[in-house]
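First up is the structure itself, then whatever we jot down about it.
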């Protein structure tokens, strides 16, 4: 709210009115676009009007220019200007007028908020795979596309899928295994874009474990059952000729920091890790037994997930989401310092060198144009136990890249990367 100028004061009330003006005007003129500033002004105004100074004052002449509008420059709403001029008001009537204006401003602000599509997004690991979501949120790229987003950290594949199917979360970064198993159970999860297109998990062990055979009778830690680290542990053990559960116990620990702590305390003797934990593990002289990214395994690491039914109901919302997500990918690839700065806010306390190495690693795995790695996705489908149904699931059953393709055909990515 902007309050313009004062004039036409009657002499007995001039000092009081000027005191009111000089007090209130800074809140109007200096805080346009600052919600907190406007609220402070409003609350203080209400408090002062309840004081004897104003409630007992006689009437005065006052000219007010009120500009009411939308502070978001990209909104289509036109500003409207209302002039209330040279009206003789007593204190109570002026108070009613001010209250009306305040309510009108609030209605305009609420109207703008209602224009935004509310979307809950989730990510499931504190690793740089979440960076495009974080960047889009921190740089207000979602808001620029007309989305009011809330980011949620849900570190468990079953909980992610439950939230997606219940409609509590509309879009999530997810591994492929829960997507496949959930589809096999008769649900309609759908990958609409790629996030990390190559598996990036390594198996690290304590220094006394010199080979995979030394893991026999020991414990390997994972974050959660049913997720990427669980798949990676089982894949590695089978590759080494070791039987999960029988030869090596697989222990669910929690997030990456919990895995590192458990390995340091010898509660587990090995763990499946992703950057930046792999970099920290190498610094601590833990032994890398297998780097799955160099094993020749084609495997889709992470996808952008929703449901087919929601995609069908709200196509425009997903177009907005994909434009913002794609713009965040461009920032991730083209603006290293900005990307690392955002990642640092979510991976608090991380050593800058570790952050930079992690960023460089993920930059090779995160696509510029978010198509999935089809061979990797097909391999992930085939390798996910789904009660025998994994052999029946086709790529097109759980993947819809049509909106990414639409953006590419419109020249959206060419403009982003100036190709």
- For segment 291-419, state the semi-axes of the equivalent ellipsoid (square roots of 5 times the eigenvalues of the alpha-carbon gyration tensor), sorted largest first and rounded to whole angstrom. 27, 22, 14
- The relative contact order of segment 202-294, taking Cα pairs under 8 Å that sit 6 or more residues apart, comes to a percentage of 48
- Note on the structure: Applying the gyration tensor rule to the Cα atoms of segment 202-294 (axes a ≥ b ≥ c; rounded if a/c under 1.5, else prolate if a/b exceeds b/c, else oblate), the class is rounded
- Stretched fully, the stretch from residue 282 through residue 144 gains (0.36 nm per residue minus C-alpha distance, one decimal, in nm) 45.6 nm
- For the pair residue 258 and residue 383, the simple spin-label estimate (label points 7 Å beyond Cα toward Cβ) gives in nm 2.4
- Item | Inter-site label distance for residue 394 and residue 308 at 7 Å from Cα along Cβ, in nm | 1.1
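A short reminder: the numbers here are calculations on the coordinates, not readings from a lab. The model shown is predicted, which means the values in this text are computed figures rather than measured ones. Cβ sites come from the backbone with ideal geometry, for glycine too, and all protein chains shown count toward neighbours.
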